[in-house]
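One structure is given here, and the rest of the page talks about it.
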There are 4 protein chains.
Amino acid sequence: MPPPTATVRVIYGDTDQMGVVYYANYLRFCEIGRCEWLRARKVDYRAIEAGGLYLPVIEAHLRYRSPARYDDVIAIEATPIDARAATVKFVYRLVRQATGELLVEGYTIHACVDRDGKPRRFPDELAALLRIEP
Amino acid sequence: MPPPTATVRVIYGDTDQMGVVYYANYLRFCEIGRCEWLRARKVDYRAIEAGGLYLPVIEAHLRYRSPARYDDVIAIEATPIDARAATVKFVYRLVRQATGELLVEGYTIHACVDRDGKPRRFPDELAALLRIEP
Amino acid sequence: MPPPTATVRVIYGDTDQMGVVYYANYLRFCEIGRCEWLRARKVDYRAIEAGGLYLPVIEAHLRYRSPARYDDVIAIEATPIDARAATVKFVYRLVRQATGELLVEGYTIHACVDRDGKPRRFPDELAALLRIEP
Amino acid sequence: MPPPTATVRVIYGDTDQMGVVYYANYLRFCEIGRCEWLRARKVDYRAIEAGGLYLPVIEAHLRYRSPARYDDVIAIEATPIDARAATVKFVYRLVRQATGELLVEGYTIHACVDRDGKPRRFPDELAALLRIEP
């Protein structure tokens with residue numbers, strides 16, 4: 001199993017009155033995971049955007065296995081799979097770092113588009129990475 | 001097609017730097033839709049919780065069809081389907097009210113559990129509603 | 001007392017594990033209030049931005065008087081005061097609609113700037129409104 | 001000047017369509033700062049709550065000096081001052097780590113209350129810390 005891509009500590013602002021992380025906020029954690037995956041490989045997402053390409057999400061899926069709570073450290077594994085000409089899928093596993101317990105698993109699918117929203121090929125640097133990982 | 005269950009106007013706080021609604025925030029809109037579906041049928045979710053039952057989400061899926069933007073009014077249709085002994089699925093269609101354009105479609109699946117997280121039957125009032133709707 | 005500028009119903013996503021609205025989220029409600037104040041006076045904030053002017057917040061202050069809870073309807077009063085050449089202050093009163101109880105009061109101060117962040121005069125239409133209101 | 005209490009990297013979900021961090025989200029960063037201040041001194045906020053005491057915010061004030069942007073690392077300094085029998089004030093300085101530029105400064109005031117919201121003295125351990133810091 002790969003090392004976690006990133007970790008995040010749950011704050012009050014992430015929780016809801018059920019005493020657990022609000023279901024939408026895991027998508028924030030997934031964003032943190034995939035950005036750190038890119039950063040760890042020296043991909044500068046700001047530079048991609050400055051070059052006129054964007055990676056909007058077109059689909060998201062989460063299974064909630066166990067609730068994360070205030071002050072938990074969540075370890076986020078994000079892994080791109082199934083890269084195609086103009087889409088890539090990231091899969092996620094979020095676990096409670098202290099125990100290894102699975103909290104949430106899921107995926108997002110991203111398109112590569114230009115400023116007008118038209119499908120485009122990935123930048124070469126990113127395409128190369130997505131083909132060989134992991 | 002049923003009337004929208006609820007509407008919500010996009011604020012700055014819902015958007016991200018791409019100029020569109022951030023992908024996690026649609027799950028907030030889905031919550032608004034399913035709560036309004038319950039409210040319209042006189043189901044008091046606070047009373048359900050006060051009685052010791054909860055409806056946590058166990059799965060969520062969204063397809064992002066077109067981006068919502070600042071000041072758009074989003075019409076949210078939420079419809080429960082496929083109710084079982086201790087789970088129910090809500091499906092969602094979020095459209096731009098001004099044009100009818102589909103923005104996001106998806107579903108959430110909810111368990112009915114007690115304070116200890118053990119599966120329980122739905123309260124009778126809610127069970128009756130879920131069987132006969134929509 | 002003027003009628004509320006807007007109302008919003010508290011959702012799960014607004015609350016935290018203390019069972020009340022998370023303190024940052026009241027600033028979202030303030031945004032809803034001041035946008036509705038503008039909308040009620042036919043000011044199109046998108047048009048102002050399209051014209052190259054922005055109203056970023058430069059200061060915010062909130063006093064938390066009583067906690068709002070899940071399913072509460074919050075009535076938001078937003079009122080501009082003390083408009084100057086290139087700044088305006090909005091004051092807010094957020095009350096629980098069912099009881100009139102004061103929840104939060106506060107203010108925000110906004111600058112009028114251009115795309116480069118330089119101070120600019122308000123658009124004429126907005127300047128006229130800010131001088132004569134409330 | 002003390003070392004930063006915590007750092008946080010700005011994600012898409014923190015930004016708004018103006019391309020900067022949404023004004024409410026700085027209150028999330030302030031929460032991160034004050035929790036890390038406590039953690040660094042071995043104060044377990046969960047234990048305080050488990051003991052029936054809470055530190056709700058009763059006032060918040062922020063001055064927005066310069067906008068934080070996507071991917072910026074924000075260094076958060078949080079420092080308690082002016083502790084009294086049942087209230088404490090935290091002051092914050094948020095700077096862009098790469099440049100030291102001041103982004104936001106402000107404060108929050110917190111009460112110490114019991115489950116019924118009645119003012120209570122701080123737990124001894126916390127009271128001792130608040131008197132001798134910074």
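Rule-based calculations on the coordinates, nothing more; no lab input. In this text, all values refer to a predicted model and were calculated from it rather than measured experimentally. Glycine also receives a Cβ, built like all others from the backbone with ideal geometry; neighbour counts cover every protein chain displayed.
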**Asked** Would you pick out the residues in the stretch D:5-21 that are among the charged types (D, E, K, R) and at the interface with chain B (Cβ under 7 Å from one of its Cβ atoms)?
**Response** D:16
**Complete:** Checking D:38, D:102 in turn, the sole residue that is touching a strand residue (DSSP E or B) at 6+ places or on another chain (Cβ under 8 Å), at negative phi and hydrophobic (A, V, I, L, M, F, W, C) turns out to be D:102
**Asked** How about the stretch B:107-134: which of its residues are under 24 Å from residue B:7 (Cα atoms) and in a loop (DSSP other than H, G, I, E, B)?
**Response** B:133, B:134
**Asked** Can you spot a residue in the stretch A:32-55 that is within 25 Å of residue C:68 (Cα to Cα) and either in contact (Cβ under 8 Å) with a residue 60 or more places away in the chain or not small (Gly, Ala, Ser) (or both)?
**Response** no
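Just the residues that are among the hydrophobic types (A, V, I, L, M, F, W, C) and either assigned to a helix (DSSP H, G or I) or within 10 Å of residue B:72 (Cβ to Cβ) (or both), please, taken from the stretch B:7-21.
Within the stretch B:7-21, B:8, B:10, B:20, B:21 meet the criteria.
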**Prompt:** Considering the stretch D:64-94 alone, what residues qualify as being part of a strand (DSSP E or B), in contact (Cβ under 8 Å) with a residue 40 or more places away in the chain and buried (at least 17 other Cβ atoms within 10 Å of the Cβ)?
**Reply:** D:64, D:74, D:75, D:76, D:77, D:78, D:79, D:80, D:88, D:90, D:92, D:94
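Residue by residue through the stretch C:22-63, note down the ones that are in a loop (DSSP other than H, G, I, E, B), farther than 14 Å from residue C:103 by Cβ and within 12 Å of chain D (Cβ to nearest Cβ). Outline the logic, then answer.
Pass one, the stretch C:22-63, residues in a loop (DSSP other than H, G, I, E, B): C:22-24, C:41-44, C:51-52, C:55-56.
Those left that are additionally farther than 14 Å from residue C:103 by Cβ: C:24, C:41-44, C:51-52, C:55-56.
Residues satisfying the conditions are C:24, C:55, C:56.
Does the stretch A:79-87 contain any residue that is more than 8 Å from every other protein chain (Cβ to nearest Cβ), within 17 Å of residue B:59 (Cα to Cα) and of a type in the set (S, T, N, Q)?
no
Test residue A:130 against the stated conditions and say whether it is more than 12 Å from chain B (Cβ to nearest Cβ) and without any contact (Cβ under 8 Å) to a residue 60 or more places away in the chain.
Taking the combined requirement at face value, the residue satisfies it.
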**Request:** Could you check how many residues of the stretch A:15-26 are touching a helix residue (DSSP H, G or I) at 6+ places or on another chain (Cβ under 7 Å) and either surrounded by fewer than 18 Cβ atoms within 10 Å (Cβ to Cβ) or touching a residue at least 12 places away in the same chain (Cβ under 8 Å) (or both)?
**Result:** 2
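With respect to residue C:113, is the statement that it is β-branched (Val, Ile, Thr), surrounded by 16 or more Cβ atoms within 10 Å (Cβ to Cβ) and more than 19 Å from residue C:64 (Cβ to Cβ) true? Steps first, please.
Values: β-branched (Val, Ile, Thr): yes; surrounded by 16 or more Cβ atoms within 10 Å (Cβ to Cβ): yes; more than 19 Å from residue C:64 (Cβ to Cβ): yes.
It is true that residue C:113 is β-branched (Val, Ile, Thr), surrounded by 16 or more Cβ atoms within 10 Å (Cβ to Cβ) and more than 19 Å from residue C:64 (Cβ to Cβ).
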**Fill in**
Among (1) in a strand (DSSP E or B); (2) surrounded by fewer than 18 Cβ atoms within 10 Å (Cβ to Cβ), residue B:104 falls short only on (2)
